[in-house]
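Asker: This is the structure I have questions about; it appears just below.
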Ligand SMILES: C[S@@+](CC[C@H](N)C(=O)[O-])C[C@H]1O[C@@H](n2cnc3c(N)ncnc32)[C@H](O)[C@@H]1O
């Protein structure tokens, strides 16, 4: 059972957040057998006194309330951290919490990151076994001392020959919050801990959480781990704060500390990634739970280069979107080994529990500027390479841009059809695959925007929806596009493609809407934001440059008729244009359709299985309109 929000808030209302957390800590201690049964208030007070002595003040984290509260709260083993998160959320409010980047990590995720750090990092199995043996024997020795009859002389020490304390790996969380990662490391046998955080209350909760896990060998310091220096660790584990840094002064300061952050928006977590390796000894491991956008962002090339200079990238594992409170944030476990690291290593890559293709350090170095596309199996890599080999980048063939940013939509956008002489606006909400379903919008007060309007008016464009956060089904297209007529202007919830050759433009609409390109795009990025920088790199088959008409006609027919069945014919043409062999077509289809693969694969045009069919021939068979 998890800590229910309402009873917790009632408890906090009655005895304050600190009092509530202390009571919960005692209840967890009772549950774990660290105290006897707490039947009444005097049992609670007595347990608090005893635990306080045995844990040197770690438990309970704050003094108990003066009186027994009326409110009750049910607990499980993780309730202390959960309760701390709920109460911090209440104190900071949703916005303040986002600004401070305070989200505590659920147990299973922290356990997984720690397990990956031990599997792929530099702490050896021998060190972990030594740490476990030391803990076991220490516990046994303490029990013998405690249980020996009064007056009996000291029993011989069991601890001879065991690893010295200083040989046991030191685990650091430099943004420790309520201690989820240090507790996970303790569960894995690493029980020498150091914690740093800006928030003194969070550190008290972390200290209590570690004490509940039986860890008393821990140091806690309040500080800014981007600037201050906690003890140099053998293993760093952390979920640092995320989110853009709003404060201009802090941005300047961080750009001075970490020069590779210069030149764009600064995300807090990237500063923490850059700082992490400096907080472990050379050869030590840093394992972080971070958003994965730094791998593919065009602007993050210098960050990727700096990471490679400081560390071997031992593992990258896609963990999806595990945070209920930040549901669009996709995260990864990133395991780095500080250089010099003893040996160069290839990067282990995973997606949840699935093992993907390993990536060499050379490849990471060669692609650091362009972006790392690592979440791929061997077959998916082969598919992408085959598509690239037959292509030129989209950015070489057409203008790829953002829609118009008004800077103030309430001022500039009115929800009504335009009158004579006014300009109609299109947003992401208006785009269905291949066509518009326009919810009329009109531009008001165009004065300050006239230059931006000029760039678009009078030009037919392909409009691609920019944000696809709501797409859940595996086969949902992330590139959802339609043709926009010359008299409408696209807003910035849209990315646009433009070229003067109208056939080419229609063919590009068919291409970006195809299964092949959607698959390619999803393998290239996990970012739901379809940015022009990524669009520019999409592959366009060279054969389409020679003759775009067959695909253009078919796409026009699909757009005009609304007949979704034509999409499979478009897909057939696109596969042909890339000259993909059957097995790579299967790879693209399987990845895109998931459970619908067999059914959908049969719906590809029969010419697909005729290796001699030419692009034009396929279009001809499909009854191309003249
Ligand atoms: C996302 S929370 C994660 C906490 C914890 N590591 C966990 O996974 O549950 C980030 C924590 O970093 C702390 N923090 C933010 N900036 C920091 C800084 N510059 N130095 C130290 N701690 C920081 C916040 O107070 C917060 O507790």
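The values are calculated or read from the model by the stated rules, or taken from the named source; none is laboratory data. Predicted, not measured: the structure shown is a model, and the values here were computed from it. Cβ: placed from backbone, ideal geometry, glycine included. Neighbour counts: every protein chain shown.
Asker: Residues to consider are 19, 57; find the one that is free of Cβ contacts under 8 Å to residues at least 60 places away in the same chain, under 38 Å from the mean Cα position of the chain (by Cα) and assigned to a helix (DSSP H, G or I).
Answerer: Of 19, 57, the one residue that is free of Cβ contacts under 8 Å to residues at least 60 places away in the same chain, under 38 Å from the mean Cα position of the chain (by Cα) and assigned to a helix (DSSP H, G or I) is 19.
Asker: Kindly indicate whether residue 286 is within 30 Å of residue 520 (Cβ to Cβ), assigned to a strand (DSSP E or B), within 16 Å of the ligand (Cβ to nearest atom) and touching a helix residue (DSSP H, G or I) at 6+ places or on another chain (Cβ under 7 Å).
Answerer: no
For (1) under 32 Å from the mean Cα position of the chain (by Cα); (2) under 17 Å from residue 401 (Cβ atoms); (3) not assigned by TED's automatic domain parsing to the domain that holds residue 530, each residue gets a yes or a no:
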{"residue": "448", "(1), (2), (3)": "no, no, no"}
{"residue": "473", "(1), (2), (3)": "yes, no, no"}
{"residue": "487", "(1), (2), (3)": "no, no, no"}
{"residue": "497", "(1), (2), (3)": "yes, yes, no"}
{"residue": "504", "(1), (2), (3)": "no, yes, no"}
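Asker: Follow-up. Just need a number here: residues in region 289-303 that are assigned to a strand (DSSP E or B) and without any contact (Cβ under 8 Å) to a residue 60 or more places away in the chain.
Answerer: Final tally of qualifying residues: 2.
Asker: In addition: Out of 273, 290, I need the residue that is surrounded by 22 or more Cβ atoms within 10 Å (Cβ to Cβ), farther than 21 Å from residue 202 by Cα, at pLDDT 95 or above and within 20 Å of the chain's Cα centre (by Cα). Which one?
Answerer: Among 273, 290, only 273 is surrounded by 22 or more Cβ atoms within 10 Å (Cβ to Cβ), farther than 21 Å from residue 202 by Cα, at pLDDT 95 or above and within 20 Å of the chain's Cα centre (by Cα).
Asker: Answer yes or no: is there a residue in region 123-142 that is at pLDDT below 95, outside any helix (DSSP H, G or I) and surrounded by 17 or more Cβ atoms within 10 Å (Cβ to Cβ).
Answerer: Scanning region 123-142 turns up at least one residue that is at pLDDT below 95, outside any helix (DSSP H, G or I) and surrounded by 17 or more Cβ atoms within 10 Å (Cβ to Cβ).
Asker: Among the residues of region 303-314, is any within 16 Å of the ligand (Cβ to nearest atom) and closer than 17 Å to residue 116 by Cβ?
Answerer: There is no residue in region 303-314 that is within 16 Å of the ligand (Cβ to nearest atom) and closer than 17 Å to residue 116 by Cβ.
Asker: Here is a follow-up. For region 210-239, give me each residue that is buried (at least 23 other Cβ atoms within 10 Å of the Cβ), near the ligand (Cβ under 10 Å from one of its atoms) and not in a strand (DSSP E or B).
Answerer: Listed by number, the residues that qualify are 225, 239.
Asker: Of the residues in region 366-387, how many are outside any loop (DSSP other than H, G, I, E, B) and in contact with a helix residue (DSSP H, G or I) (Cβ under 9 Å, 6 or more places away or on another chain)?
Answerer: Summing the residues that are outside any loop (DSSP other than H, G, I, E, B) and in contact with a helix residue (DSSP H, G or I) (Cβ under 9 Å, 6 or more places away or on another chain) in region 366-387 gives 8.
Asker: Of the residues that sit in region 74-122 and are away from the ligand (no atom under 13 Å from the Cβ) and under 14 Å from residue 289 (Cα atoms), which one is surrounded by the fewest Cβ atoms within 10 Å (Cβ to Cβ)?
Answerer: Going through the qualifying residues, I end up with 115.
Asker: Go through region 368-417 residue by residue and tally those that are within 29 Å of the chain's Cα centre (by Cα) and either surrounded by 16 or more Cβ atoms within 10 Å (Cβ to Cβ) or touching a residue at least 60 places away in the same chain (Cβ under 8 Å) (or both).
Answerer: Residues that pass the stated criteria total 28.
Asker: Now for a different question. Name every residue in region 240-251 that is exposed (fewer than 14 other Cβ atoms within 10 Å of the Cβ) and part of a loop (DSSP other than H, G, I, E, B), in order of residue number.
Answerer: Correct list: 246, 247.
Asker: Wholly within region 523-603, which helices (runs of 4 or more DSSP H) include no fewer than the required count, namely at least 2 residues that are out of contact with any strand residue (DSSP E or B) (no Cβ under 8 Å at 6 or more places or on another chain), surrounded by 17 or more Cβ atoms within 10 Å (Cβ to Cβ) and on the phi > 0 side of the Ramachandran plot?
Answerer: none
Asker: What tally of residues in region 480-519 results from selecting those that are outside any helix (DSSP H, G or I) and touching a residue at least 12 places away in the same chain (Cβ under 8 Å)?
Answerer: 22
Asker: Quick check on this structure: which one of 333, 306, 315 is outside the structural domain of residue 232 (by TED's automatic domain parsing) and not in a loop (DSSP other than H, G, I, E, B)?
Answerer: Result of the check over 333, 306, 315: 333.
Asker: Right, another one. From 588, 569, 552, grab the single residue that is under 15 Å from residue 517 (Cβ atoms), touching a helix residue (DSSP H, G or I) at 6+ places or on another chain (Cβ under 7 Å) and in the same structural domain as residue 524 (by TED's automatic domain parsing).
Answerer: 588
Asker: Continuing with the same structure: Just need a number here: residues in region 173-194 that are outside any helix (DSSP H, G or I) and more than 9 Å from the ligand (Cβ to nearest atom).
Answerer: 7
Asker: Among (1) touching a helix residue (DSSP H, G or I) at 6+ places or on another chain (Cβ under 8 Å); (2) over 14 Å from residue 104 (Cα atoms); (3) in contact (Cβ under 8 Å) with a residue 60 or more places away in the chain, which single condition is residue 231 missing?
Answerer: Status for residue 231: all satisfied but (1).
Asker: In addition: Condition first: near the ligand (Cβ under 7 Å from one of its atoms) and touching a strand residue (DSSP E or B) at 6+ places or on another chain (Cβ under 8 Å). Now tell me which residues in region 195-204 satisfy that.
Answerer: Hits for region 195-204 are 196, 197, 198, 199.
Asker: In region 319-346, which residues are closer than 17 Å to residue 115 by Cβ and either in contact with a helix residue (DSSP H, G or I) (Cβ under 9 Å, 6 or more places away or on another chain) or modelled with pLDDT of 95 or more (or both)?
Answerer: Matches in region 319-346: 319, 322, 331, 332, 333, 334, 335, 336, 337.
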